[in-house]
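Have a look at the structure below before the remarks.
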Amino acid sequence: MNERRRVLVLIKGLGIGGAERLVSSGSAYWDTDRFEYHVAYILPWKDALVPEIEGRGIEVTCIGGQRGFDPLVPLRWRSLLKRFRPDLVHAHLPSAGILARLFTPVPVVYTEHNIASSYKPPTRVANRITYGMNSVAIAVSDAVLDSISDFSGGPHRIIENGVAVEPNGDRAVAARQELSVDDTTKLVVHVGNIRPHKGHSNLLAAAELLLASHEDVVIVSIGGEKFPGDLERLRNEAAARGIDSKIRFLGSRADALDFVAAADVFVNPADVEGLPVAILEAMALGKPVVATAVGGVPSVVLDGQTGRLVPPKNPEGLASAMAELLASSEERRRLAGNARALIERRFSLARMVERYENVYDEVLGAVRR
């Protein structure tokens, strides 16, 4: 039997986020007969998904200091490289990608999860000027690929994100009970960490318009803070709009999918996206989606077929699309059925992992030659 090739996966953090969940959920499908995996992350306080990965027998190492990035991070990274001796590094998101390219002697596979221009200028510049050091760069959607099409470096590929979720009726019922929402009340759910471009202000403005004519609706937004005070700011804005009794900001929740499973409609109000895992998960759970037509979203939310698309930064359009779906259970069922079928056909997590591992084989084969 051939010796397993060592793959070191590097990501900025392992908190609850889209790219992070792809690593943790994807680890269940890694071919450990062919590859020996190790996962590294930088920000020690973003560790919610570490137990899930370690529970599958995969070692996880934090290379960040108390403040996350510090001058010793490259040294800790070098120490881990010396100890694990990987054949290949797979980095996710720019911070990890830049570190891997600059301080790794083996091939680097890199996944771009967002539109390249959405990052802060220093990150964007450093990401771009080191891109040529990738062996292969992977984009999660056509839109993301377009955003890096003029970057230097190895071949650029598209590997769309995948999901593997199963509905749990009991947990969905418990989620509604926690919210004190009965079956006669329509529930709209949003999942997205509080970050620039994620559209929380757009959601609030749309919610105010929707709730003015729909008293039987409750809206829930789930996502963690980037900066302390983010949740309080959103709750204060909801109160200023007079809708704080009808829109709930729950913060980061490990059980976010239970609320999605309980929803009548899933909404994504973002201004910028790559290919949101949360949308894929909602569709896999058979939920009709209303989303802004940004990034890779139109490749999965097909307007009138698997959901409804509206222009970004257009709360009137967002509110109108939600209202139309909430008014028709037949339309919700039609869109939800189409959405679930599309996910099953094209966006499985097992397929995503298989395609990644095919890239590893390709890169390592080239190294051997």
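The values are calculated or read from the model by the stated rules, or taken from the named source; none is laboratory data. Predicted model only: the values in this text are computed from it and were never measured. Please note: Cβ atoms are built from the backbone with ideal geometry, for glycine as well, and neighbour counts cover all protein chains shown. When the accessible area is computed, the model is the full protein with side chains, heavy atoms only, and any ligands, DNA or RNA have been set aside. Shrake-Rupley method; radii C 1.70, N 1.55, O 1.52, S 1.80 Å.
Tabulated results
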| read-out | value |
| --- | --- |
| Top-ranked residue of segment 29-65 - restricted to ones that are open to solvent by 60 Å² or more (accessible area, probe 1.4 Å) and assigned to a helix (DSSP H, G or I), ranked as nearest to Ser348 (Cα to Cα) | Tyr29 |
| Ser213 vs. criteria in contact (Cβ under 8 Å) with a residue 24 or more places away in the chain, assigned to a loop (DSSP other than H, G, I, E, B) and either small (Gly, Ala, Ser) or on the phi > 0 side of the Ramachandran plot (or both) | yes |
| Candidates Asp361, Asp303 - the one that is touching a strand residue (DSSP E or B) at 6+ places or on another chain (Cβ under 6 Å) and open to solvent by 40 Å² or more (accessible area, probe 1.4 Å) | Asp303 |
| Residue check, Gly97 at pLDDT below 95, outside any strand (DSSP E or B), touching a Ser or Thr at 6+ places or on another chain (Cβ under 9 Å) and open to solvent by less than 70 Å² (accessible area, probe 1.4 Å) | no |
| Leading residue by the ranking (farthest from Lys198 (Cα to Cα)) among those in segment 226-276 that are polar (S, T, N, Q) and touching a residue at least 60 places away in the same chain (Cβ under 8 Å) | Ser252 |
| Segment 264-295, subset more than 20 Å from Glu160 (Cβ to Cβ) and surrounded by fewer than 24 Cβ atoms within 10 Å (Cβ to Cβ), residue farthest from the chain's Cα centre (by Cα) | Asp264 |
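Condition check ((1) of a type in the set (Val, Ile, Thr); (2) within 25 Å of Gly274 (Cβ to Cβ)) across all residues:
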position: Lys46; (1), (2): no, yes
position: Gly57; (1), (2): no, no
position: Gly68; (1), (2): no, yes
position: Leu80; (1), (2): no, no
position: Phe84; (1), (2): no, no
position: Leu88; (1), (2): no, yes
position: Pro94; (1), (2): no, yes
position: Val106; (1), (2): yes, no
